[in-house]
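The values are calculated or read from the model by the stated rules, or taken from the named source; none is laboratory data. For clarity, every value in this text was computed on a predicted model and none was experimentally measured. Every residue, glycine as well, gets a Cβ built from its backbone with ideal geometry; the counts of neighbours run over all protein chains shown.
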Amino acid sequence: MKIYLLTDLEGVAGVATHVNHSYPDGKYFEDSKKLLTSEVNAAIDGLLDHDVGEVLVVDGHGPGAIDFELLHSEARLLHGRPLTTQQMLEPIWDYDALVMIGQHSRSGRRQGNQNHTFNSKEIDWIQLNGRPIGEIGVIALWAGVKSVPAIFLSGDEEACMEARREIPGIATAAVKKGISSNVEITLSAPEARSLIRRSIGEAVDSHRKNPVAPVVWEPPFRLVIRWKSTQNADIQEHQTGCKRIDEQTVAFESRDILDVLLHRHSKAN
């Protein structure tokens, strides 16, 4: 089995705030990178314990957050900036399953620690076919284009609940509970790593016995993005296929899920 391991930072135990922990100019950002990398290493140990043959670690946090020197010796790493959506996500399709480490909930979840959707400074919310959707759902849909299932996720409790809503059968490990966007109750670092190592191994075994189905939605698709400023909506409006809904909201429509996820125009329409 080959595993695509996508990382984020906000869902890591001990990483509590955007300003201090998750933004690259935060005073604890370097510490946060070490915490993330240690959780990733625990996940890799759990995968190797259960006979996974290859793990690609993808540095998915906006500015990058993997500490390369601390990364597990058995991992391969996809990183670098700028990193396009295609460069980050297309390799999923060469792997047998997707796992997510350090994930957060979608924007608007009051108890979701550091909740946001893709861009914490610019995007208010995203809907797909009238449903609120976050990074978890979008990434699972991307993987599902070529029948790759998402089988495991670690993060805060809200992220884990969101994953179970979006991906039937996925296994999760909650390493902390959000009290608010900037406050958490967290497991200790050693306990969080132990939980991830144990839980991801159990997820692999469970998937082998009862495979998790890839996430696939039926077309047509309509993606709506509410921006925090009119300026972002102005910029988006100039893209072919973008429809301006109001001062801060735009939409993309297509029968191809990749068209709307990439915010591009479908000639089929």
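If a residue must be outside any loop (DSSP other than H, G, I, E, B), at pLDDT below 95 and under 23 Å from Leu141 (Cα atoms), how many such residues does region 233-251 contain?
Number of matching residues: 2.
Condition check ((1) out of contact with any strand residue (DSSP E or B) (no Cβ under 9 Å at 6 or more places or on another chain); (2) among the polar types (S, T, N, Q); (3) touching a residue at least 24 places away in the same chain (Cβ under 8 Å)) across all residues:
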position	(1), (2), (3)
Thr17	no, yes, yes
Gly26	yes, no, no
Leu36	no, no, yes
Ala43	no, no, yes
Asp49	yes, no, yes
Val57	no, no, yes
Pro63	yes, no, yes
Leu89	no, no, yes
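Could you list, in sequence order, all residues of region 150-176 that are farther than 21 Å from His116 by Cβ and surrounded by fewer than 21 Cβ atoms within 10 Å (Cβ to Cβ)?
Pro168, Gly169
Go through (1) part of a helix (DSSP H, G or I); (2) among the polar types (S, T, N, Q); (3) in contact (Cβ under 8 Å) with a residue 60 or more places away in the chain; (4) buried (at least 17 other Cβ atoms within 10 Å of the Cβ) and name the single condition Ser194 misses.
(4)
Can you pull out the residues in region 126-143 that are part of a strand (DSSP E or B) and farther than 14 Å from Leu258 by Cα?
So the first thing to find is which residues in region 126-143 are part of a strand (DSSP E or B), and the list is 126-128, 131-132.
Across region 126-143, the qualifying residues are Ile126, Gln127, Arg131, Pro132.
Among the residues of region 254-268, are any in a strand (DSSP E or B) and either touching a residue at least 12 places away in the same chain (Cβ under 8 Å) or farther than 25 Å from Asn41 by Cα (or both)? Step through it out loud before you land on a result.
As a first pass, look at region 254-268 and keep what is in a strand (DSSP E or B): 254.
Applying the additional criterion that residues be either touching a residue at least 12 places away in the same chain (Cβ under 8 Å) or farther than 25 Å from Asn41 by Cα (or both) yields 254.
Checked against the condition, which is being in a strand (DSSP E or B) and either touching a residue at least 12 places away in the same chain (Cβ under 8 Å) or farther than 25 Å from Asn41 by Cα (or both), region 254-268 yields at least one hit.
Only one of Ile179, Ile126 is surrounded by fewer than 20 Cβ atoms within 10 Å (Cβ to Cβ) and touching a residue at least 40 places away in the same chain (Cβ under 8 Å); which? Outline the logic, then answer.
Working: Ile126 fails: surrounded by fewer than 20 Cβ atoms within 10 Å (Cβ to Cβ).
Checking each option against the conditions leaves just Ile179.
Hey, does region 144-166 have a residue that's in contact with a His (Cβ under 7 Å, 6 or more places away or on another chain) and part of a helix (DSSP H, G or I)?
Yes, there is a match, as at least one residue in region 144-166 is in contact with a His (Cβ under 7 Å, 6 or more places away or on another chain) and part of a helix (DSSP H, G or I).
Yes or no: region 109-119 includes at least one residue that is hydrophobic (A, V, I, L, M, F, W, C) and either within 15 Å of Met161 (Cα to Cα) or crowded, with 20+ Cβ neighbours inside 10 Å (or both).
Restricting attention to region 109-119, the residues satisfying the condition of being hydrophobic (A, V, I, L, M, F, W, C) are 118.
Filter again for either within 15 Å of Met161 (Cα to Cα) or crowded, with 20+ Cβ neighbours inside 10 Å (or both), leaving none.
No, there is no match, as no residue in region 109-119 is hydrophobic (A, V, I, L, M, F, W, C) and either within 15 Å of Met161 (Cα to Cα) or crowded, with 20+ Cβ neighbours inside 10 Å (or both).
Anything in region 66-94 that is assigned to a loop (DSSP other than H, G, I, E, B) and farther than 14 Å from Val40 by Cα? List them, or say none. Give the steps one after another, and end with the answer.
Of all residues in region 66-94, those assigned to a loop (DSSP other than H, G, I, E, B) come to 66-67, 71-75, 79-84.
Of everything in region 66-94, those that are assigned to a loop (DSSP other than H, G, I, E, B) and farther than 14 Å from Val40 by Cα turn out to be His79, Gly80, Arg81, Pro82, Leu83, Thr84.
Here's the yes/no breakdown for (1) at pLDDT below 95; (2) under 24 Å from Trp93 (Cα atoms); (3) among the acidic types (Asp, Glu); (4) crowded, with 23+ Cβ neighbours inside 10 Å:
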| position | (1), (2), (3), (4) |
| --- | --- |
| Asp25 | no, no, yes, no |
| Gly46 | no, yes, no, yes |
| His61 | no, yes, no, no |
| Asp67 | no, no, yes, no |
| Leu70 | no, no, no, no |
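Quick grid of which residues meet (1) in contact with a helix residue (DSSP H, G or I) (Cβ under 8 Å, 6 or more places away or on another chain); (2) of a type in the set (A, V, I, L, M); (3) within 22 Å of Ala13 (Cβ to Cβ):
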{"site": "Asn119", "(1), (2), (3)": "no, no, no"}
{"site": "Glu135", "(1), (2), (3)": "no, no, yes"}
{"site": "Ile151", "(1), (2), (3)": "yes, yes, yes"}
{"site": "Ser154", "(1), (2), (3)": "yes, no, yes"}
{"site": "Glu158", "(1), (2), (3)": "no, no, yes"}
{"site": "Arg165", "(1), (2), (3)": "no, no, no"}
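Look at Gln86 and say whether it is modelled with pLDDT under 95 and over 23 Å from Thr37 (Cα atoms). It would help to see each step written out before you state the result.
Working: modelled with pLDDT under 95: yes; over 23 Å from Thr37 (Cα atoms): yes.
Yes.
Working carefully through the options Thr186, Thr117, find the one that is in contact with a Gly (Cβ under 7 Å, 6 or more places away or on another chain) and farther than 25 Å from Pro91 by Cβ. Spell out the reasoning first.
Details: Thr117 fails: farther than 25 Å from Pro91 by Cβ.
One residue alone meets the criteria, Thr186.
Would you confirm, using the coordinates I've provided, whether Leu9 is in the same structural domain as Glu90 (by TED's automatic domain parsing) and surrounded by fewer than 24 Cβ atoms within 10 Å (Cβ to Cβ)? Before the answer, list the steps.
Numbers: in the same structural domain as Glu90 (by TED's automatic domain parsing): yes; surrounded by fewer than 24 Cβ atoms within 10 Å (Cβ to Cβ): no.
Against the criterion (in the same structural domain as Glu90 (by TED's automatic domain parsing) and surrounded by fewer than 24 Cβ atoms within 10 Å (Cβ to Cβ)), Leu9 does not qualify.
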